[in-house]
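The values are calculated or read from the model by the stated rules, or taken from the named source; none is laboratory data. On a predicted model such as this, the values are computed, not experimentally measured, just so you know. Please note: Cβ atoms are built from the backbone with ideal geometry, for glycine as well, and neighbour counts cover all protein chains shown.
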Amino acid sequence: MTGPVLHISRSAFRADLAAVRQRIEPSELMLVMKDDAYGHGLEWAAGEACDAGVRWFGSYDVPAGLRVRAVVGPRGRVFAWTTSTAVEAEAAVAGGIDLGVGTEAYLRLVIAAARRAGLPARIHLKIDTGLHRNGIRPEDWTAAVALAREAERAGFIELVGVWSHLAEASDAEDDEAQRVFLRAVAEARASGAALEHVHLTASAASWWRPELRGSLSRVGAFCYGIRSADGPELDGIRPVASLSAPVVEVGDGWAALGIGAFDGLASTLAGAHVGTPGGVRMLRRVDATRAVVDSWPGATVGQDVWIFGAGDHGEHSATALAERIGTVGEETITRLTATVRRVIED
Ligand SMILES: *Cc1c(COP(=O)(O)O)cnc(C)c1O
């Protein structure tokens, strides 16, 4: 084999899921699977998590949500939160995908889609708690809840959740966001909505701020063993994905690896340390199709060098590499192209 390989560890994923679920209980895990499960492969990850007992999956968009549904069948609930087209919304209703709804216009679109599908749409109404990206503004909340409740009484929707997303910029801002959130939840309940779930937090706040957790916690990164950039290590969490590339040529003091910028390896990673059979060495250069690393005694074509991963060969985590170049661990993994083979291992 001459190409790079992203090794995906089933056992690490299971252990991370267990650690996250234990940490956040009694809040229930919604496993976030956007960007093809953060580059780990959506189908495999959904199946593994479902077998481990995970019952909520967050998919970002409807097409990915339908892929999750195809894997988990009736065993899991799937939540797609980005604003979708009418056609997608109708497919979501038919496929039993819960929809996140963050504008009144989208609420009307979903109601119309449910009417056409002949089935109620399950929706989670999003309150804007300060991020100003998507979400119903507090001043518009009363009207949106009234519209949703009216559609619920008419049988077009089921208002099953209220949710929002935190900026995670400071604790004080997140505390204020929670106050806005809880007022919105109280108002929805007072209107008669039988909410099944309320959810506010992603990885970092779910892990570190128990008082902010709702009945569901939407966690992506930490479930794949990706800690926050500039954040601390996490008890019981380790990287699920490790990237290796084979030595393709050996020269005087250097070894060339069969991975390069075209495979999605950032050229700015030059200077990072990687794990070689002879110990940790410096990555000197990342060219278009190759990377050059300082050599070790006995370096041979075909040996594997570990670029990032769980650390079993001395390599750093994806997040540690990302911190060198001012990005996040998720990005280091998701930017790898399809030329990198994904291999699921135990
Ligand atoms: C990405 C995302 C999450 C998960 O974030 P992590 O930090 O990866 O856990 C949760 N909710 C929303 C709305 C997101 O976009």
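Per the conditions (1) out of contact with any His (no Cβ under 8 Å at 6 or more places or on another chain); (2) more than 12 Å from the ligand (Cβ to nearest atom); (3) at pLDDT 95 or above, the sole criterion not satisfied by Phe13 is (1).
Hey, any hits in region 328-336 for a residue that's in contact with a Ser or Thr (Cβ under 8 Å, 6 or more places away or on another chain), hydrophobic (A, V, I, L, M, F, W, C) and in a loop (DSSP other than H, G, I, E, B)? So far as region 328-336 goes, yes, one or more of its residues are in contact with a Ser or Thr (Cβ under 8 Å, 6 or more places away or on another chain), hydrophobic (A, V, I, L, M, F, W, C) and in a loop (DSSP other than H, G, I, E, B).
Across region 57-86, the number of residues qualifying as touching a residue at least 24 places away in the same chain (Cβ under 8 Å), crowded, with 22+ Cβ neighbours inside 10 Å and within 13 Å of the ligand (Cβ to nearest atom) comes to 6.
Taking Asp346, is it in contact with a helix residue (DSSP H, G or I) (Cβ under 9 Å, 6 or more places away or on another chain) and at pLDDT below 95? Yes. In this entry, Trp44 is excluded by the filter for residues that are under 15 Å from the mean Cα position of the chain (by Cα), closer than 20 Å to Leu200 by Cα and among the hydrophobic types (A, V, I, L, M, F, W, C).
Across region 186-210, the number of residues qualifying as more than 22 Å from Pro138 (Cα to Cα) and away from the ligand (no atom under 12 Å from the Cβ) comes to 2. Taking strands (runs of 3 or more DSSP E) as the structural unit, those lying wholly within region 227-326 and holding at least 2 residues that are surrounded by fewer than 15 Cβ atoms within 10 Å (Cβ to Cβ) and at pLDDT 95 or above correspond to 279-286.
Gly73 meets the stated requirement of being farther than 24 Å from Leu336 by Cβ and small (Gly, Ala, Ser).
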